[in-house]
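Participant: Pasting in a structure now, in structure tokens, and then I'll have a few things to ask.
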Amino acid sequence: MSEKVITNDSEQIRLENQTGEGAQELQPQTRDVVLTGGLWPEDEATTIINMGPQHPSTHGVLRIMLELDGETVLRLKPVIGYLHTGMEKTGEELTYVQGATNVTRMDYVSPLSNELVWSLAVERLLDVEVPPRAVWMRMMLVELNRMASHLLFQATNGMDMAALSIMIYGWREREEVLRLIEMITGLRMNNNFIRPSGVAADLPEGWDTETLRVCDLVEKGVQEYSAMLNENPIWIERLSGVGVLTTEQAIGLGITGPILRSTGFPWDLRKAQPYLAYDEVDFDIIYTENGDCYDRFTIRLIEILESIKIVRQCVERMPPGDYRTQDPKITPPPRTRINESMEALIHHFKLFTEGFRVPAGETYTAVESPRGEIGCYLVADGTAKPARMHIRGPSFYNLQSLAPMAKGSLVADTVAVISSVDPILGEVDR
Amino acid sequence: MADNEPTATEEVAAPVVADEVASAVIAKFPRAIFNDSHGQAVLYIDRADWHAVAEFLRNEERFTQCVDVTAVDHLLDETRLSVAGITPERFETVANFLSHPRNRRIRLIAQVSEFDTTIASLTDIYPGTNFPEREVFDLLGIEFIGHPDLTRILLPDEWTGHPLRKDDAPARIPVAFKGDPGPQ
């Protein structure tokens, strides 16, 4: 990085003029000496240290550059892009039928939220309504996924704080939820189950008893975590008052989800702008007042219980009927129909070779993922592939909160701050 | 916190005058054009008004958060959404705004010419647009004037080109794995 190539390329020259230090550099600043007003000698300047991209606490491939004065963080700069695979470009090459397989790989910890926002965006452009059973199945799956995602947070957060029991407990309960999701969708992750027009398959036999069993199990698990951590003086000492963020800072920086709610601002898209059938189920927005790492931990813990509440209502009130719209232009025909109907065979063939065409238009659709507002800005140009597919990943925006939260804290607390943001780098880099 | 309590779902499905924010913006910026896109309020504004309209939305209309900034390259569109009164350009810059107290959204779209890919940065009004504007600069090459640190964010600094442009072909730059002997 340090060696700059001298070039006549206008692009290069422009880049160099615009950047003080470049996206991946951090220059040490000389410290002011209060008494004399002079500057410290060069070798007494602040220290730059580099965390990641392979550091275990950075959740994948996040790289953080820190400018330190002693052990106090003066500046923090997240360097991202190590997982960039051009998924938005890939999305322009895939048809609307194939699109769900692409977006589901962005936030790999809550893939169903990604599929949901993609499907809702496509359905809005098509003006398609999905039947009630599909709506409730989607809602149940997304909430199960939220449970799994927040359980994973409990595990990784515990791991970063060196609380190793909670790490094993979190993985244990999450695995149970993923096993249930596997039973329903066929896959643990990257499900490709929620698709434009509905869901991929109907609920399997015995889903209701299994779902209730997993709900009871996770509920018991959450009580166990709560007993272990919520009154644990070491845990409270380690997290409370660390990485404080105010509501004004959070809103200004585009922060959404549990981080915004931890600052005392009760904003949840499921309540504020209901989609699916969230206006018909009973649940609460969890929010706290302090905006520190401890609050962000508690919010996610209690949100698991709220999700269990919603899942139980879904089990109880799951409507009968079809699990996808019966529009032959966007829904593949049932397998048995292909044997007897030429039209069904043609529709099936056309759907999986060409896909369906979406009229020209644009839309921004947003839902509440476990990490905050996930949005899909979709531009259609009348063909079977989107002209532009942009996912607003909540983690991408939430990473901007690292700098104000870590400023002035110790390096050890920075680990707690990174962990409490719960970033998923697949979604940050896309 | 009473006025922050979510009230009712905001869905605007009505002619121009029905959207109060849009009519307020049009009254102040006469070149703005309202469009109802599948029930969502969209304002097509002049590129020169980009910063002023965002400032107006924040200060006068209480749009507290800029949720997303992105851009679109329309070079290869088969058919393009046509809105009356808009001279389409190759690029469109898109920003989505959310008002927490009013519980509604609005979207601003500005046409950006292929030959002058610049637009004002919103970072001084909404600091959260820092990362997304860098992303748009990185992937589509639109320059945000006034951005504090307009550098590549997802791609390496020494990368050339902007991959989300339609004329930037995938696999144009060979990516070699270390130790890969290459095709035999």
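Participant: Suppose a student asked you for the relative contact order of region B:2-145, using Cα pairs under 8 Å spaced at least 6 residues apart; what percent would you report?
Facilitator: Numbers: 239 pairs, mean separation 34.8, N = 144.
Taking the mean separation of contacting Cα pairs over the length of region B:2-145, I get 24 percent.
Participant: Sticking with this structure for a sec: Please report A:Tyr278, A:Tyr96 as a ranked list, fewest other C-beta atoms within 10 angstrom at the top and most at the bottom. All intermediate terms of the calculation are to be shown ahead of the outcome.
Facilitator: On the way: A:Tyr278 21, A:Tyr96 28.
By the 10 Å Cβ count, ascending: A:Tyr278, A:Tyr96.
Participant: Taking a ≥ b ≥ c as the square roots of the eigenvalues of the Cα gyration tensor of region A:326-405, is the shape rounded (a/c under 1.5), prolate (a/b larger than b/c) or oblate? Walk me through the numbers before you get to the answer.
Facilitator: Values: a/c = 4.31, a/b = 2.52, b/c = 1.71.
Judged from the Cα gyration tensor, region A:326-405 comes out prolate (a/c at least 1.5, a/b above b/c).
Participant: Taking every Cα atom in region A:95-393, find the radius of gyration and the maximum pairwise distance Dmax, and write them in Å.
Facilitator: In order Rg, Dmax, the Cα atoms of region A:95-393 give 20.2, 70 Å.
Participant: Here is a further query. Tell me the relative contact order for region A:95-393 as a rounded percent, counting alpha carbon contacts under 8 Å between residues six or more apart. Let's see the in-between values first.
Facilitator: Numbers: 519 pairs, mean separation 75.4, N = 299.
RCO, region A:95-393: 25 percent.
Participant: Here's a follow-up. To check you understand DSSP bridge types, tell me what percent of the beta bridges within the protein assembly as shown (both residues inside) are antiparallel, rounded to 5. Display every interim value, and only then the final one.
Facilitator: Working: 54 of 61 bridges.
Close to 90 percent.
Participant: Mind running the shape call on region A:71-224? Use the C-alpha gyration tensor, a ≥ b ≥ c as the square roots of the eigenvalues: rounded below 1.5 for a/c, prolate if a/b tops b/c, oblate otherwise.
Facilitator: Numbers: a/c = 2.57, a/b = 1.16, b/c = 2.22.
Since a/c reaches 1.5 but b/c is at least a/b, the shape of region A:71-224 is classed as oblate.
Participant: What whole number of Å gives the distance from the Cα centroid of region B:119-174 to the Cα centroid of region A:163-220?
Facilitator: 38 Å
Participant: Something else about it: Taking Cα atoms, how many degrees apart are the long axis of helix A:164-185 and the longest axis of chain A, rounded to 10 and kept between 0 and 90?
Facilitator: 20 degrees
Participant: Rounded to the nearest 5, what % of DSSP beta bridges with both residues in region B:2-145 are antiparallel? Let's see the in-between values first.
Facilitator: Working: 22 of 29 bridges.
Antiparallel bridges make up about 75 percent of those DSSP assigns within region B:2-145.
Participant: May I ask which residue of B:Asn103, B:Gly128, B:Leu81 lies farthest towards the positive end of the charge dipole of region B:2-145, with charges of +1 (Lys, Arg) and -1 (Asp, Glu) on Cβ and the Cα centre as origin?
Facilitator: B:Asn103
Participant: Nothing charged except the Cβ atoms of Lys and Arg (+1) and of Asp and Glu (-1): what's the magnitude of the dipole of region A:155-201 about its Cα centre? Round to the nearest 20 debye.
Facilitator: On the way: 5 positive and 5 negative charges, 34 e Å.
So the magnitude is around 160 debye.
Participant: Looking only at region A:291-326, which residues have a backbone nitrogen under 15 Å from a spot 7 Å from the Cα of A:Met183 in the C-beta direction?
Facilitator: Zone members listed by number: A:312, A:315-316.
Participant: For region A:71-180, with only Lys/Arg (+1) and Asp/Glu (-1) charged at the beta-carbon, what is the dipole magnitude about the Cα centre, in debye rounded to 20? List each step's numbers first, then the result.
Facilitator: Values: 11 positive and 14 negative charges, 40 e Å.
Charge dipole, region A:71-180, about its Cα centre: 200 debye, nearest 20.
Participant: Quick query: amide H of A:Arg388 versus all other amide H atoms, modeled in the peptide plane; which residues come in under 5 Å with a sequence gap of 5 or more or a different chain?
Facilitator: A:Val379
Participant: Give, as a single signed number, the net charge of other residues whose beta carbon lies under 11 Å from the beta carbon of A:Glu115, with Lys and Arg counted +1 and Asp and Glu -1. Show your work: numbers first, answer last.
Facilitator: Working: positive: A:Arg105, A:Arg138, A:Arg195; negative: A:Asp107.
So the surrounding residues net to +2.
Participant: What FRET efficiency would be calculated for the residue pair A:Asp322, B:Glu89, taking the C-beta separation as r and a Förster radius of 45 Å, to the nearest 0.05?
Facilitator: Values: r = 44 Å, r/R0 = 0.98.
With a Förster radius of 45 Å, E is 0.55.
Participant: Using the Karplus curve 6.51 cos²θ - 1.76 cosθ + 1.60 with θ = phi - 60°, what ³J(HN,Hα) values do you get for each residue of region A:86-103, in whole Hz, with x for Gly and Pro?
Facilitator: Running phi through 6.51 cos²θ - 1.76 cosθ + 1.60 with θ = phi - 60° gives x, 6, 6, 5, 4, x, 6, 8, 9, 6, 5, 5, 7, x, 4, 5, 7, 5 Hz.
Participant: Give, rounded to the nearest 20 debye, the magnitude of the charge dipole that region A:95-393 has about its Cα centre when Lys and Arg contribute +1 at Cβ and Asp and Glu contribute -1 at Cβ.
Facilitator: Details: 31 positive and 41 negative charges, 176 e Å.
Dipole size: approximately 840 debye.
Participant: Could you please rank B:Arg104, A:Arg371, placing first whichever residue has the fewest other Cβ atoms within 10 Å of its Cβ? All intermediate terms of the calculation are to be shown ahead of the outcome.
Facilitator: On the way: B:Arg104 25, A:Arg371 30.
By the 10 Å Cβ count, ascending: B:Arg104, A:Arg371.
Participant: Hey, what number do you get for chain A at 222 nm if only DSSP H runs of n ≥ 4 count, each worth -39500 (n - 2.57), divided across all residues, to the nearest 500? Please report the intermediate quantities before stating the final value.
Facilitator: On the way: 18 runs with 200 residues, N = 430.
Only helices count here, giving -14000 deg cm²/dmol.
Participant: Considering only the other residues whose Cβ falls under 11 Å of the Cβ of A:Tyr96, what net charge follows from Lys and Arg at +1 and Asp and Glu at -1? Walk me through the intermediate numbers first.
Facilitator: Values: positive: A:Arg195, A:Arg357, A:Lys385; negative: A:Glu123, A:Glu354.
Neighbourhood net charge equals +1.
Participant: Would you order B:Lys28, A:Lys77, A:Lys220 from fewest to most other beta-carbon atoms within 10 Å of each residue's own beta-carbon? Show your work: numbers first, answer last.
Facilitator: Details: B:Lys28 13, A:Lys77 18, A:Lys220 10.
So the residues, fewest neighbours to most, are A:Lys220, B:Lys28, A:Lys77.
Participant: Starting from the alpha-carbon convex hull of the protein assembly as shown, give the projected area averaged over all orientations, in nm². All intermediate terms of the calculation are to be shown ahead of the outcome.
Facilitator: Working: hull surface 128.0 nm².
With the hull built on Cα positions only, its mean projection is 32.0 nm².
Participant: Through the Karplus equation 6.51 cos²θ - 1.76 cosθ + 1.60, θ set to phi - 60°, convert the phi angles of region A:140-145 into ³J(HN,Hα) values in whole Hz; use x for Gly and Pro.
Facilitator: The phi angles translate into 5, 5, 5, 6, 4, 5 Hz.
Participant: Amide H neighbours of B:Ile142 under 5 Å, at least 5 residues apart or on other chains, H built in the peptide plane: list them.
Facilitator: B:Phe137
Participant: Another question about this same structure. If Lys and Arg each add +1 and Asp and Glu each add -1, what is the summed charge of the other residues whose beta carbon sits under 11 Å from the beta carbon of A:Pro394? Intermediate values should be presented prior to the final figure.
Facilitator: Working: positive: A:Arg371, A:Arg392; negative: A:Asp107, A:Glu368, A:Glu373, A:Asp422, A:Glu427, B:Asp68.
Combined, the nearby Lys, Arg, Asp and Glu give -4.
Participant: Taking the Cα atoms only, what angle lies between the long axis of helix A:411-421 and the longest principal axis of chain A, rounded to 10 degrees?
Facilitator: The angle comes out near 20 degrees.
Coordinate-derived values only; no laboratory data. Being a predicted model, the structure only gives us computed values, none of them experimental. Heads up, the Cβs are rebuilt from the backbone with ideal geometry, glycines too, and the neighbour counts pull from every protein chain shown.
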